[in-house]
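Right, one structure below, let's go through it.
The values are calculated or read from the model by the stated rules, or taken from the named source; none is laboratory data. All figures in this text were calculated on a predicted structure; none of them were measured in a lab. We place every Cβ from the backbone using ideal geometry, glycine too, and count neighbours over all the protein chains shown.
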Amino acid sequence: MKFSSEEILETVGMIAEDKLDIRTVTLGISLLDCADPDPAACACKVREKILAKGEKLSEKTDFVANEYGLPIINKRISLTPLSLVVPVADPAAFIEVAMAVDKAAEHLGVDFIGGFTAMIQKGVTAIDKALIAAMPEVLATTRRFCASVVLASTKSGINMDGCYTMSRVMKETAERTAEQDGIGCAKLVLFANPVEDNPFMAGAFYGPGESESSILVGVSGPGAVRRALQNLGPDADLGQVAEAIKKSAFKITRAGELVGKEMANQLGVNFGNLDLSLAPTPAEGDSVGQILETMGLAMPGAPGSTAALMMLNDAVKKGGLFASSSVGGLSGAFIPVSEDASMITAAKAGAITIEKLEAMTSVCSVGLDMVAIPGATSAETLAALIADEMAIGCVNNKTTAVRIIPAPGKDVGDFVHFGGLLGEAPIMAVSRISADTFVKRGGRIPAPLQSLTN
Amino acid sequence: MEKKKKHIIVTVIGKDEVGIVAKIATTMAQHKINIIDINQKILGDEIFAMTLLADREKSDLSLPVITAKLNESVKNMSLKVTVQDSEVFQYMHRV
């Protein structure tokens with residue numbers, strides 16, 4: 001036979017037992033031709049374009065999944081940042097267009113749609129201000145529209161005024177969705193150096209440099225990587241561990257490449273990219289934390305976690321790059337706390353703290369992700385936390401992100417429950433040492449040096 | 001462009017019993033699925049594992065329907081049948 005029984009059973013096992021899946025097929029749609037100073041007309045053009053381009057997304061995704069016998073979990077859409085589409089400095093205009101986007105997504109059967117986005121790493125425009133002012137309302141009243149704001153980049157430094165503004169937006173959004181533990185904040189991502197072709201929510205937007213429309217595929221498979229390490233046993237040295245991760249990453253990426261090409265073919269659009277990211281879900285075994293445990297740490301957060309994660313992230317990229325010439329997006333390991341069973345356990349046990357998480361984000365994608373903190377945390381402290389994470393991205397020339405939930409009325413020892421893919425998390429302690437004066441200085445932290453980086 | 005081959009890989013895993021291969025092969029024949037290659041072994045002492053390459057060019061059935069029919073044919077046995085396009089394996093195991 002063309003394939004050995006071992007090869008076949010390995011693949012079947014990866015899908016059936018290790019939950020290897022195509023995490024998301026995301027259709028990127030450019031809205032650059034939908035700008036209109038009349039909000040109603042703009043909303044109409046945006047809705048029509050999403051409905052026209054996305055019409056067959058759901059049907060074709062199911063077709064491809066069935067045709068190959070590979071599970072495809074989510075169908076999503078990413079849009080051009082709305083700050084480039086709505087040419088009116090009026091929050092009401094942004095709310096009107098956002099409602100139209102949310103309805104269109106609902107009509108197409110898409111669970112999340114990304115692109116309520118402003119890019120203010122160097123400064124704000126009147127339009128950015130209007131978009132940000134509309135953000136708490138949009139996040140509280142729409143179900144599917146995800147927001148993101150770019151606050152920093154290696155080339156422009158960190159917009160500290162932006163960090164402070166966004167910390168207040170986060171707190172207001174959490175308050176507006178207090179009855180669901182502040183779930184609005186789970187749809188808001190703050191970025192340093194974002195990629196413009198990320199298929200993963202909530203941080204996906206479709207950058208202005210992208211084509212009219214393209215397919216972005218996100219593959220995942222922490223379970224398959226863990227299985228490969230388990231088979232290796234505890235005596236293998238770390239070089240062998242890295243090799244095993246690379247081989248698994250290669251196979252997982254190949255499955256994504258096959259699906260991406262076929263999806264693009266079916267929808268008649270470009271195959272934009274393939275993002276191999278180990279993205280956990282709350283399901284048993286679908287965990288990045290458990291990979292660290294299999295490597296030999298008692299729990300994620302133990303000393304050695306940063307080193308182990310660096311190796312994992314790097315090996316995943318190396319395996320993925322060889323498997324596809326369309327690798328893009330984030331392509332690494334995600335460590336969202338509430339979405340990963342092993343991270344939740346470690347947070348409950350106090351094995352992992354915000355400070356350790358912050359260190360770990362310097363070596364992986366993406367950042368402080370799905371971390372719940374006390375609702376009483378001040379806007380100044382929150383802004384300082386955001387700035388710290390932006391600094392890591394800025395100086396390391398990589399993407400970092402913040403998706404923190406200041407859960408209203410909750411404190412350390414309490415739990416937040418979001419349900420579904422967003423999972424649940426214990427409230428993590430935040431340092432009580434003040435950074436107020438630093439944050440209130442405002443202004444911009446200049447772009448860091450690119451050489452002499454010792 | 002070369003016409004895509006409609007080859008599938010069928011795997012049957014579970015408790016060994018008399019007649020598994022016969023039942024699977026009969027069902028495939030009924031639905032005009034042509035077996036190209038077949039490989040069967042017993043793992044350990046009792047786990048039955050069969051992998052099978054077949055051509056579904058002449059069959060009108062979609063992959064999920066084939067999966068359902070094959071599982072139906074062995075429904076009283078402790079077995080799990082999966083069906084996938086052979087291209088998945090080509091992509092994952094051959095550079």
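Would it be correct to say that A:LYS56 is away from every other protein chain (no Cβ under 14 Å), within 27 Å of the chain's Cα centre (by Cα) and without any contact (Cβ under 8 Å) to a residue 40 or more places away in the chain? In short, no.
Filtering region A:234-249 to residues that are more than 24 Å from A:THR61 (Cβ to Cβ) and within 14 Å of another protein chain (Cβ to nearest Cβ) leaves A:LYS246, A:LYS247, A:SER248.
Anything in region A:131-172 that is touching a Gly at 6+ places or on another chain (Cβ under 6 Å) and either basic (Lys, Arg) or not in a helix (DSSP H, G or I) (or both)? List them, or say none.
Just the residues of region A:131-172 that are touching a Gly at 6+ places or on another chain (Cβ under 6 Å), to begin with: A:139-140, A:146, A:148, A:151, A:160-161.
Selection gives A:CYS146, A:SER148, A:LEU151.
Criterion applied to B:ALA25, B:ALA49 was being within 16 Å of B:GLU72 (Cα to Cα) and in contact with a strand residue (DSSP E or B) (Cβ under 8 Å, 6 or more places away or on another chain), and the one residue passing it is B:ALA25. Only one of the numbered conditions (1) touching a residue at least 40 places away in the same chain (Cβ under 8 Å); (2) of a type in the set (Ser, Thr, Tyr); (3) within 23 Å of A:LEU70 (Cβ to Cβ) is not met by B:SER78, and that is (3). Every condition in (1) more than 17 Å from the chain's Cα centre (by Cα); (2) within 19 Å of A:GLY301 (Cβ to Cβ) is met by A:THR361 except one, and the failing one is (1). Name the single residue that is farthest from B:LEU53 (Cα to Cα) among those in region A:1-50 being under 28 Å from the mean Cα position of the chain (by Cα) and basic (Lys, Arg). This residue is A:LYS45. Out of curiosity, is A:LYS261 part of a helix (DSSP H, G or I) and within 14 Å of chain B (Cβ to nearest Cβ)? In short, yes. Within region A:23-46, is there a residue that is within 14 Å of chain B (Cβ to nearest Cβ), among the small types (Gly, Ala, Ser), more than 14 Å from A:GLY115 (Cβ to Cβ) and part of a helix (DSSP H, G or I)? So far as region A:23-46 goes, no, none of its residues is within 14 Å of chain B (Cβ to nearest Cβ), among the small types (Gly, Ala, Ser), more than 14 Å from A:GLY115 (Cβ to Cβ) and part of a helix (DSSP H, G or I).
Restricting attention to region A:191-201, the residues that are surrounded by fewer than 24 Cβ atoms within 10 Å (Cβ to Cβ) and within 8 Å of the chain's Cα centre (by Cα) total 0. The set of residues in region B:21-46 being in a loop (DSSP other than H, G, I, E, B) and more than 14 Å from chain A (Cβ to nearest Cβ) consists of B:HIS31, B:LYS32, B:ILE33, B:ASP45, B:GLU46.
Given the structure, is B:ILE35 modelled with pLDDT of 90 or more and out of contact with any Ser or Thr (no Cβ under 9 Å at 6 or more places or on another chain)?
Values: modelled with pLDDT of 90 or more: yes; out of contact with any Ser or Thr (no Cβ under 9 Å at 6 or more places or on another chain): yes.
Here the answer is yes, as B:ILE35 does meet what is asked.
For A:PHE112, the conditions (1) in contact with a Gly (Cβ under 8 Å, 6 or more places away or on another chain); (2) closer than 18 Å to A:GLY207 by Cα all hold with the exception of (1). Scanning region A:11-52 for residues that are touching a residue at least 24 places away in the same chain (Cβ under 8 Å) and farther than 27 Å from A:VAL110 by Cα yields A:THR11, A:GLY13, A:PRO37.
When region A:318-333 is filtered for residues that are surrounded by fewer than 24 Cβ atoms within 10 Å (Cβ to Cβ) and free of Cβ contacts under 8 Å to residues at least 60 places away in the same chain, the ones remaining, listed by number, are A:LEU321, A:SER325. Considered as a group, the residues in region A:374-424 that are in a loop (DSSP other than H, G, I, E, B) and polar (S, T, N, Q) include one that is surrounded by the fewest Cβ atoms within 10 Å (Cβ to Cβ), and that residue is A:ASN397. For region B:63-95, filtered to residues that are more than 7 Å from every other protein chain (Cβ to nearest Cβ) and part of a strand (DSSP E or B), the residue that is nearest to B:ILE33 (Cα to Cα) is B:VAL81.
For every residue, the table says whether it meets (1) surrounded by 22 or more Cβ atoms within 10 Å (Cβ to Cβ); (2) more than 30 Å from B:GLN84 (Cβ to Cβ).
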position	(1), (2)
A:ASP62	no, no
A:SER78	yes, no
A:VAL85	yes, yes
A:ARG143	no, yes
A:ALA147	yes, yes
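Screening A:LEU70 against (1) part of a loop (DSSP other than H, G, I, E, B); (2) in contact with a Leu (Cβ under 9 Å, 6 or more places away or on another chain); (3) more than 14 Å from chain B (Cβ to nearest Cβ); (4) modelled with pLDDT under 95 leaves a single unmet condition, (3).
Just checking, does region B:4-20 include any residue being surrounded by 13 or more Cβ atoms within 10 Å (Cβ to Cβ), at pLDDT below 95, part of a helix (DSSP H, G or I) and among the polar types (S, T, N, Q)? Checked against the condition, which is being surrounded by 13 or more Cβ atoms within 10 Å (Cβ to Cβ), at pLDDT below 95, part of a helix (DSSP H, G or I) and among the polar types (S, T, N, Q), region B:4-20 yields no hits at all. Within region B:47-62, can one find any residue that is among the acidic types (Asp, Glu), part of a loop (DSSP other than H, G, I, E, B) and either touching a residue at least 40 places away in the same chain (Cβ under 8 Å) or within 11 Å of another protein chain (Cβ to nearest Cβ) (or both)? Looking through region B:47-62, at least one residue is among the acidic types (Asp, Glu), part of a loop (DSSP other than H, G, I, E, B) and either touching a residue at least 40 places away in the same chain (Cβ under 8 Å) or within 11 Å of another protein chain (Cβ to nearest Cβ) (or both).
Please enumerate the residues belonging to region A:47-59 that are in contact with a helix residue (DSSP H, G or I) (Cβ under 8 Å, 6 or more places away or on another chain) and part of a helix (DSSP H, G or I). Step through it out loud before you land on a result.
At the first step, the residues of region A:47-59 found to be in contact with a helix residue (DSSP H, G or I) (Cβ under 8 Å, 6 or more places away or on another chain) are A:47, A:49-51, A:54-58.
Result: A:ARG47, A:LYS49, A:ILE50, A:LEU51, A:GLY54, A:LEU57, A:SER58.
Out of A:LEU151, A:LEU139, one residue alone is touching a Ser or Thr at 6+ places or on another chain (Cβ under 6 Å), more than 19 Å from A:PRO374 (Cβ to Cβ) and assigned by TED's automatic domain parsing to the domain that holds A:VAL110. It is A:LEU139. Mind checking whether some residue in region A:208-221 is closer than 30 Å to A:ILE158 by Cα, without any contact (Cβ under 8 Å) to a residue 24 or more places away in the chain and more than 13 Å from the chain's Cα centre (by Cα)? Yes, region A:208-221 has at least one match.
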